[in-house]
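Read-outs throughout are calculated quantities, based only on the coordinates presented, and are distinct from any laboratory measurement. No experiment lies behind these values; they were computed from the predicted model shown. A quick note on method: Cβ atoms are made from the backbone with ideal geometry, for glycine too, and the neighbour counts reach across all protein chains shown.
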Amino acid sequence: MSRTLLDHLAYALTVDHDDTVLEDAAIVVEDDRIAAIGPAAAVAQQYRGAAFDRVLDGRRRLALPGLVDAHLHLSEELSGSLFPDNLSTRPWVFNWAKPYYAAVSEEDEYVSALWAGVEMLKTGTTCFLDMGAQNDPAQFALAVERLGLRGITGRHAADRPPAELPAWWTPEMVRHHFYPDADAALRALGGYVERWNGYAGGRLRCWVNIEGKEPCSAELHVGARRLAAELGVGTTYHITSSIEEARVSERRYGVWPLTRLHQLGALGPNLVLAHVVAVQDAEVAYLADSGTKVAFCPGSAFKLAKGAAAIGKYPEMLQAGVTVALGCDGAAAAGSLDLLRQTYLVAGMFKDARLDADLVPARQAIRLATIEGAKALLWDDEIGSLEVGKKADLILFDLDQPEWVPLHDPVQALVYAADAASISTVLVDGRVVMDDRRVLTVDEAALREEVQRRAREIATRAGLTRGTIPTRTTLYD
């Protein structure tokens, strides 16, 4: 057995049921789990005479559970700063993201996942829910194993191409994106779950993930959740991510997207819906009653003009008991995989939009990025808080950095002042994977060069550098 002591931590934010904050704390990690946590003196008494394989000095350090990103796109990591910043959601997806994803090879996806993992570790994320690979998810599984991360992936799937293809879509691209029908998609997705779920010593899980929205049939929306339940896993997809999408649904089906899912029987406790911006009052109850989870992505809402601050009902969801977690979305959608930035956004945006300073306090913002994320990922029995018996996924902040000084309330300082650059150490599964801000599992310098080269090549293959792709669309309208 390997035993590690994190000693005399200035603070430990446990994010347990009572949001306990410990001062002068200690944590003992045995193999991959937390064996003890409490005041340093009490832990020292408990382990008097015990030998430790490693002792980490916790003075001037704050410990927090590893952040859990409930919605991101590993395939998108090499697209950072490529797409214009005057795109709303629908042209972003149909005009730019579709050609980009079609140009991403398996080798590109492996490098993309590695670089996304580096960014996540450096910004404190230790577990994620990825929307799925554009190719075989094997590359993501291998990247997670190498990085030492924890996460969930799958195969991105859709089955309903538009009736008329845009001029910049190719038949090859359509074949790459769309399965012939829902049955074919579900057969493939089930096979990937059987192959990859539980990989990397259990750090990788595989779900029945689909794209959602108009590119997926009703049969695929309903079938994905049912198949996931049969396989004992979850599913996730995008839905009602803009008011435009809601209006299209109302014209076509007479109801908004969430109501349609409710009518189809598609909602349920093993489903994570991404974005969920355009929501009617009655639909909040559908989410709560069904146990459906929500992954809210403030960064992409801001960048893509989704309207989350104007029309979003996330405070109402929280009040109704809906599990709401935070996601970064993707590099082209939001700009980064810094989940700590999302906590700052969610803690402030509704206060400002509704002129109500009581909404989403700092304590709650931290929970949305940790334990609520773990609940969304159906993993809260093992991660999301610092408690005895849970996996040792945790991050340490350097309190000597300027943004932490002076320090009165560590919870407020974390949300409103802290920068991810002050994260010094990251442990996943009890293993130190970043130390002194150096990721220990990859050669960052060499990987950085490869990322830049592949990013240029993908953009060229996708035709996104010609300046001819429009910034508006009527696709699926």
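Brief remarks on what is shown
- Here the dipole of the stretch 71-376 is about 560 debye; that uses its Cα centre as origin and unit charges on the Cβ of Lys and Arg (positive) and Asp and Glu (negative).
- Of V55, V21, the sequence from fewest to most neighbouring Cβ atoms within 10 angstrom is V55, V21.
- Check: the stretch 307-426 dipole with +1 on Lys, Arg Cβ and -1 on Asp, Glu Cβ, in debye: 300
- Degrees, to the nearest 10: 218-231 long Cα axis against longest axis of the chain: 30
- Highest to lowest packing among 210-219, 467-476, 339-348, 244-253, scored as the average C-beta count within 10 Å: 339-348, 210-219, 244-253, 467-476
- Amide N of the stretch 114-135 lying under 18 Å from the label point, which is placed 7 angstrom from the Cα of R146 along Cα→Cβ: 114-122, 133-135
- Ordering of 191-199, 70-78 by packing [mean C-beta count within 10 Å, highest first]: 70-78, 191-199
- A cut-off of 5 Å between modelled amide H atoms, ignoring neighbours fewer than 5 places along the same chain, links R61 with A10, Y11, L399.
- Folded to 0 to 90 degrees: helix 339-354 orientation relative to the chain principal axis, Cα: 70
- Along the stretch 282-296 the Karplus relation, 6.51 cos²θ - 1.76 cosθ + 1.60 evaluated at θ = phi - 60°, assigns HN-Hα couplings of 5, 6, 4, 5, 4, 5, 5, 5, 8, x, 5, 9, 10, 10, 9 Hz to successive residues, with x for each Gly and Pro.
- Candidate aspartates and glutamates - alpha carbon under 18 Å from K351, same-chain residues fewer than 8 apart omitted: E316
- Annotation: extensible slack from S105 through T170 equals 21.8 nm (criterion: 0.36 nm per residue apart, minus Cα-Cα distance).
- Listed cross-link partners K213/K293; K293/K313; K98/K303; K98/K306; K213/K391 are compared with a 23 Å cut-off, the Cα-Cα value being larger for K213/K391.
- Cα gyration tensor, the stretch 71-376 - rounded (a/c under 1.5), prolate or oblate: rounded
- Across the stretch 1-88, C-alpha contacts under 8 Å between residues 6 or more apart give a mean separation that, scaled by the residue count, equals a relative contact order of 34 percent.
- Ordering V360, A413, H275 by the projection of their Cα atoms onto the charge dipole of the chain, which places +1 on the Cβ of Lys and Arg and -1 on the Cβ of Asp and Glu, puts H275 at the extreme positive end.
- Of all DSSP bridge pairs formed entirely within the stretch 71-376, close to 5 percent run antiparallel.
- Only DSSP H runs of four or more residues enter the estimate; each adds -39500 (n - 2.57), and after division by the residues of the chain the mean residue ellipticity at 222 nm equals -10500 deg cm²/dmol.
- With 0.36 nm allotted per residue and the present C-alpha distance subtracted, the A445-V55 stretch has 137.5 nm of extension available.
- Cα gyration tensor, the stretch 354-437 - rounded (a/c under 1.5), prolate or oblate: oblate
- Shape call, the stretch 218-322: gyration tensor on alpha carbons, a/c limit 1.5: prolate
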